[in-house]
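Asks: Questions regarding the structure given below will be posed in turn.
Only the coordinates and a few stated rules stand behind these numbers; no lab work does. All values reported here derive from a predicted model rather than from experimental measurement. Neighbour counts run over all protein chains shown; Cβ positions are idealised from the backbone, glycine included.
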Amino acid sequence: MIRNAFTVDVEEYFQVEAFSDLIPKRDWHKFPSRVEETTTILLELLDTYQVRGTFFVLGWIARIHPALVEKIHKAGHEIASHGFDHTMITEMTPEAFREDIRKSKAIIEGITGTSVTGYRAPTFSITEKTSWAYDILLQEGYSYSSSVFPVWHDRYGWPKFGNHPRQMGSGKNGEFWEIPLTVGSIGPFRVPFGGGGYLRAYPLTLTNALFRRLERDGRHGIVYIHPWELDSRHPAIQAPFLRRLRHHIGIPKMREKLIGLLRSMPFGTVAQLLEANQSASNRRPVLRATIPIGHDARVRIGKILDPYFREVEGRTFGRAVFVFLWESRLYRQPIGRW
């Protein structure tokens, strides 16, 4: 049974949301492209460990680099949509969103000749406020999304969504499911992990321990990566220091961490993970989209953050981390594994 999915968000280093106010989309063509080289490196790495994953491709990338999309497809990976031009759903009207996902789907299907049924929102921007997107995705021929991070974050997050796949709708096109990104726990604290800045910043030993705990709990895990995260030579963007730090942290060790993950556990595509979950749901009640939201979506930031920093059952956050490290026996691991 597939419990972990390996996913790739295929985009350029200059298309990340952190730089969106510094680099207008009309200027993207002015930056040297690195996506073909870096994605090829990633494909070779996955082939070495015989892993087939899901590549969420921007329509903009597919239009300019159709040979790259064909290469991914021929390597046996699932091709899904990442939208057209990396605009967050929170910045779009429903009409604009429909056009965006229809356009990217058509471009990718025109290259691969196969149906695109999966979707990941740029910057995980399906939230409580943009959950209207599910009906449109279903109407446009998609069957699943992996776009929700069930945590609080300054750019994204749906903390009350839960950790398990949920059926978000159904119609003449079938069912539509959301497969949320991965969140673990350290004591009473919820910890996002498994991809992006979290994977780059966390010690590999901690990430592996969190994945082992998921396995013990019978939960799925999703790894996600961007090709530029393997590229320590991509041009630096002129941006404020903290944004550059957030973007570049951990890149030199990313390849080593990926190899550690690929060696330690099996991976498949999101479609395979969903199929395994649907088979299991035939033997247990399905978690449908009955998510408690609360009386006001605009919760004060202090109220959201409070549980992360107050004492819970006498444990401060620092004590919770210590207990987790002790229980996981991370102190026995050589420091080089970090």
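Asks: Determine the distance separating the Cα centre of segment 41-106 from the Cα centre of segment 121-163; give it in Å without decimals.
Replies: About 17 Å separates the Cα centre of segment 41-106 from the one of segment 121-163.
Asks: For the pair Ala236 and Gln278, what calculated FRET efficiency results from E = 1/(1 + (r/R0)^6), where r is the Cβ-Cβ distance and R0 = 30 Å, to the nearest 0.05? Display every interim value, and only then the final one.
Replies: Numbers: r = 44 Å, r/R0 = 1.48.
That pair, Gln278 with Ala236, gives E of 0.10.
Asks: Using amide H atoms built in the peptide plane, which far-off residues or other-chain residues are under 5 Å from Ser81 H to H?
Replies: Amide H neighbours of Ser81: Val57, Gly118, Tyr119, Arg120.
Asks: So if R0 is 35 Å, what FRET efficiency would Thr40 and Arg212 give, r being the distance between their Cβ atoms, rounded to the nearest 0.05?
Replies: Numbers: r = 31 Å, r/R0 = 0.90.
Here the calculated transfer efficiency is 0.65.
Asks: Give a residue-ordered list of calculated ³J(HN,Hα) values for segment 65-82 (Karplus: 6.51 cos²θ - 1.76 cosθ + 1.60, θ = phi - 60°; whole Hz; x for Gly, Pro).
Replies: 10, x, 5, 5, 4, 4, 5, 4, 5, 5, 6, x, 8, 6, 9, 10, 9, 10
Asks: Amide H neighbours of Asn4 under 5 Å, at least 5 residues apart or on other chains, H built in the peptide plane: list them.
Replies: Excluding prolines and chain starts, which carry no amide H, the hits are Gly221, Gly268.
Asks: A follow-up question, please. Pop out the ³J(HN,Hα) list for segment 183-197 in order, Karplus 6.51 cos²θ - 1.76 cosθ + 1.60 with θ = phi - 60°, rounded to Hz; leave Gly and Pro as x.
Replies: 10, x, 9, 10, x, x, 9, 7, 10, x, 7, x, x, x, x
Asks: Follow-up question, since we're still on this one. Which peptide among 116-122, 73-79 comes first, and what is the full order, when sorted by highest mean count of other Cβ atoms within 10 Å?
Replies: Values: 116-122: 25.3, 73-79: 17.6.
Packing order, densest peptide first, comes out as 116-122, 73-79.
Asks: Between Val151 and residues 5 or more places away or on another chain, which pairs have amide H atoms under 5 Å apart, with H built 1.01 Å from N, and which residues are they?
Replies: Here Trp158 satisfy the definition.
Asks: Per 5 Å bin from zero, what fraction in whole % of the C-alpha pairs of segment 4-281 is there, up to the bin with the longest pair?
Replies: With a bin width of 5 Å, the distribution comes to 1, 6, 13, 18, 21, 19, 14, 7, 2, 0.
Asks: Starting from the 7 Å offset along Cα-to-Cβ, what nm value, one decimal, do you get for the label separation of Lys25 and Tyr49?
Replies: So the label points at Lys25 and Tyr49 sit 3.4 nm apart.
Asks: Right, something else. Highest first, please rank the peptides 185-192, 45-52 by the mean number of other Cβ atoms sitting within 10 Å of their residues. If you can, show how the numbers build up before the last one.
Replies: On the way: 185-192: 17.5, 45-52: 14.9.
Ranking, from highest mean packing down: 185-192, 45-52.
Asks: Working out 0.36 nm times the residue gap between Ile259 and Arg246, then minus their Cα-Cα distance, what length gain in nm do you get to one decimal? Mind dumping the intermediate values first?
Replies: Values: separation 13, 0.36 × 13 = 4.68 nm, distance 2.22 nm.
Going from the current span to full extension adds 2.5 nm.
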